Amino acid sequence: CTAAMKLPLLRMMTELSSRKFISRITGRFAKSAYSRRWIPKFASMYRIPIEEAEKKLEEYRSLNEFFTRRLKPGSRPIDTASDALVSPVDAKITACGTIQEGLMLQVKGQDYTIDELLNGSPRVAQYLHGYYWVLYLSPTDYHRIHSPCEGDVVETEHIPGRVYPVNEFGLTKMRRVLSRNERLVTYISHDIGEAAVVKVGALNVSSIKYVEPRPTRLERGQELAYFEFGSTIVLLTQDGTLSPRTDLKVGDRVRMGEKLGTLTKVE
């Protein structure tokens, strides 16, 4: 079968496997006691730095508990500048740039509107000329999500959707994955304006969960939520509120707490 024939077949198989019930089945296994025997193999396969984990491997009761592990204190220093916007996750930068007339341009060859990403929220108008990062978390990465800035949670929204993969194949070969997948959006008001943390679900992700008790006031770097298996964060900043780092580019890796830019009034 030719490459031209294989692509539609792969796309069809991905469509079929993107049903939520498939992710629920995977999630049930990952949370079972039986799955704990897979933890060492999983850690070895993905070269996970287990020395950073809060607990020893044998102390985790399931694969899901290991995957959503916390890290030892001090493993991720938070940038101390009072005006810093930091990465909410450990991730690879899949795309970044200025939002142009409400469009995130050329995210793996596809353009996305802020309106569709935020599900037509009235807050869309604040982000039409802001800045965005698409941050991809691989299975190797630490999967807790932290606040990129100090501020108040002014709104959250759960947007139902599919669970397409958000890896290279999903973003390049599937149609508009970031705006079709399930999303959990947190809007944070800070001293300069507002930021939106869009948590995008993915294939084999049984859920995206807020930490409990759910915070309403956030410190920079404070734990906010976590993914059960790998996914993507889209981080948005309000128009004219950010001076981004100029040395970061697509393909670079960032760690949670690392500075992405400076929150400041930009003309």
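The values are calculated or read from the model by the stated rules, or taken from the named source; none is laboratory data. Not measured: the values here are computed from a predicted model. As a convention, Cβ positions derive from the backbone with ideal geometry for all residues, glycine included, and neighbour counts pool all protein chains shown. These area figures cover heavy atoms from the full protein model, side chains too; ligands, DNA and RNA do not enter into them. Shrake-Rupley method; radii C 1.70, N 1.55, O 1.52, S 1.80 Å.
Comparing Glu65, Glu157, Glu51 in a Gaussian network model of the chain, where Cα atoms under 10 Å apart are tied by springs, the biggest mean-square fluctuation is seen for Glu51. The modelled label-to-label distance for the pair Asp111/Lys56, using points 7 Å beyond Cα in the direction of Cβ, is 5.7 nm. P(r) for the stretch 157-241, from all Cα pairs and a bin width of 10 Å, is 17, 46, 29, 8 %, short bins first.
Placing +1 on the Cβ of every Lys and Arg and -1 on the Cβ of every Asp and Glu, with no other charges, gives the chain a dipole of roughly 1500 debye about its Cα centre.
Between Asp239, Asp152, Asp247, the residue with the greatest mean-square fluctuation in the GNM of the chain (Cα pairs under 10 Å linked by springs) is Asp247. Comparing Ile145, Asn64, Ala225 along the charge dipole axis of the chain, the residue lying farthest to the positive side is Asn64, per the Cβ-charge model.
Towards the positive end of the charge dipole of the chain, with charges on Cβ (+1 Lys, Arg; -1 Asp, Glu), say which of Leu235, Thr94, Ser44 has the farthest Cα. Positive-most Cα among the choices belongs to Ser44.
When the accessible area of the stretch 132-179 is split by element with a 1.4 Å probe, what percent falls to carbon and sulfur? Whole-percent figure for carbon plus sulfur exposure: 47.
Starting from the Cα-Cα distance between Leu103 and Ser207, subtract it from 0.36 nm times their residue separation and give me the gain in nm to one decimal.
Working: separation 104, 0.36 × 104 = 37.44 nm, distance 2.75 nm.
Fully extending the segment from Leu103 to Ser207 adds 34.7 nm.
Cross-link partners of Lys72 among lysines, defined as those whose alpha carbon lies under 17 angstrom from its own and excluding same-chain residues fewer than eight positions apart: Lys55, Lys56.
Over the chain, Cα pairs under 8 Å with separation of 6+ residues give a relative contact order of 25 percent.
Stretching the chain fully between Glu267 and Lys31 yields a gain of 80.0 nm (0.36 nm per residue, less the alpha carbon separation).
How much length is gained on full extension from Ser138 to Thr216, taking 0.36 nm per residue of separation minus their Cα-Cα distance?
On the way: separation 78, 0.36 × 78 = 28.08 nm, distance 2.83 nm.
Stretched fully, the Ser138-Thr216 segment lengthens by 25.2 nm.
Return the inverse of the average 1/r over all pairs of distinct C-alpha atoms in the stretch 85-150, which is the Kirkwood hydrodynamic radius, in Å to one decimal. It would help to have the intermediate numbers written out before the result.
Details: mean 1/r = 0.0769 Å⁻¹.
Result for the stretch 85-150 stands at 13.0 Å.
Partner aspartates and glutamates whose Cα lies under 18 Å from the Cα of Lys108, excluding those fewer than 8 positions away in the same chain, are identified as Glu116, Glu168, Asp252.
Over the stretch 113-267, accessible surface divided per residue gives 37 Å², non-protein components excluded, 1.4 Å probe. Within a straight-line Cα-Cα reach of under 16 Å, Lys209 can be paired with the following lysines, leaving aside sequence neighbours fewer than 8 residues apart in one chain: Lys20, Lys31, Lys199. Per-residue packing, averaged as other Cβ atoms within 10 Å, sorts the ranges 216-227, 249-260, 31-42 into the order 216-227, 249-260, 31-42, beginning with the highest.
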